[in-house]
1. Do any residues in segment 69-95 that are closer than 18 Å to LYS54 by Cα have Cβ atoms under 7 Å from those of residues that are of a type in the set (Ser, Thr, Tyr), where the two are at least six apart or on different chains, and which pairs are they?
2. Take LYS256 and tell me if it is within 24 Å of the chain's Cα centre (by Cα), modelled with pLDDT of 80 or more and either surrounded by 12 or more Cβ atoms within 10 Å (Cβ to Cβ) or on the phi > 0 side of the Ramachandran plot (or both).
3. Which residue out of LYS77, LYS54, LYS68 is surrounded by fewer than 15 Cβ atoms within 10 Å (Cβ to Cβ), part of a helix (DSSP H, G or I) and assigned by TED's automatic domain parsing to the domain that holds SER154?
4. Under the condition of being within 30 Å of ARG44 (Cβ to Cβ) and assigned to a strand (DSSP E or B), which residue from segment 110-137 is modelled with the lowest pLDDT?
5. The conditions are (1) at pLDDT below 85; (2) in a helix (DSSP H, G or I); (3) surrounded by 15 or more Cβ atoms within 10 Å (Cβ to Cβ), and LYS249 fails exactly one of them. Which is it?
6. Looking for something exposed (fewer than 12 other Cβ atoms within 10 Å of the Cβ) and out of contact with any strand residue (DSSP E or B) (no Cβ under 8 Å at 6 or more places or on another chain) - is there at least one such residue anywhere in segment 139-153?
7. Would you tally the residues in segment 82-124 being surrounded by 10 or more Cβ atoms within 10 Å (Cβ to Cβ), farther than 19 Å from ALA149 by Cβ and within 22 Å of the chain's Cα centre (by Cα)?
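The values are calculated or read from the model by the stated rules, or taken from the named source; none is laboratory data. The shown structure was predicted, so the numbers you read here are calculated from the model rather than taken from an experiment. All Cβ positions, even for glycine, are placed from backbone atoms using ideal geometry, and neighbour counts span all protein chains on display.
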Amino acid sequence: MTLPNFLHVGENGNPSQPLIVDINAGGLDPPSPKKSPHKQDPQRAARRAFDLIKHRLAEQWLQELDDKICAGKIAAKTKATGGVKIVWSKNLQVTAGRARWRKDLDKNKISRGEETEERHVASIELAEKVIDDADRLRNVVAHEFCHLATYMVSGVKNNPHGKEFKYWGSQCSKAFRDQNIIVTTKHSYEISYKYIWECVECGYEYKRQSKSVDINRHSCGICKARLVQTKPVPRAASGKVSEYQLFVKENFRRLKAEHSNLTHGEVMEKMGKLYRERKKEAAVTQRSNIDALTHQLDVVVLDD
């Protein structure tokens, strides 16, 4: 009979008291603690995966645009300065992208009376907070590429969205229609803000990328009323349930059933939007009731 290896066998073949086994001394692996499964937000995971490849994707897409639309002229003109630079910016707040271009000349050669070639310096600046997937990236880069083509190939510098830009835009849209590339004169992407505060009176929203609004110190700049945070909804202190939490409790199951194809995060975004709409409707109704009551108080009836 084979005995377990953690028992000490006496001379008579009977097991004596068990020995203390050091599981770290070798031979046995320490038991790994049970880890609770971590549910990762699919949207956040997709964003992280996109962040890993976005720079390389932008460079490859720009090269493909140049090769097919301009026969490589953009790359040729910027070769001496290292090509078109792709720059990701956290500071772009109102647009998805920006094209920059300038033309340099060798001043030393000019001072010596020698001939000099034009040096094209170009870059495309992309907004990190707006471009969060590959489709947006391709459309924004295509838009900015058309600006560079307008400057560097068409030679037009004072009409950024004129007929030359529209020509290059139509060429991109036709050539890459299968990739849903549509170049228009404006970017129509909405910036996704991490934090949103709303005025309890006028309903104006204050959107920020950082938690920079203190509801104890700040008030609405329009009507001076109190602000409440609506995204993400803060946890209620000392066990109190907030008005928004009650709203979620009453409406989540219905909203989830109506949008069963959406993720939890997407359902909560719709929940926040619905809550803000209801708040605005309630504020309008309250004002109407107050106006009606004020009117009634102003009317005085005198009986004979």
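1. Listed by first residue and then by second, the contacts come to VAL84/THR78; VAL84/SER123; LYS85/SER123; VAL87/SER123.
2. In short, yes.
3. LYS68
4. If we take residues in segment 110-137 being within 30 Å of ARG44 (Cβ to Cβ) and assigned to a strand (DSSP E or B), then ALA127 is modelled with the lowest pLDDT.
5. (3) is the only condition that LYS249 fails.
6. no
7. Residues meeting the conditions: 4.
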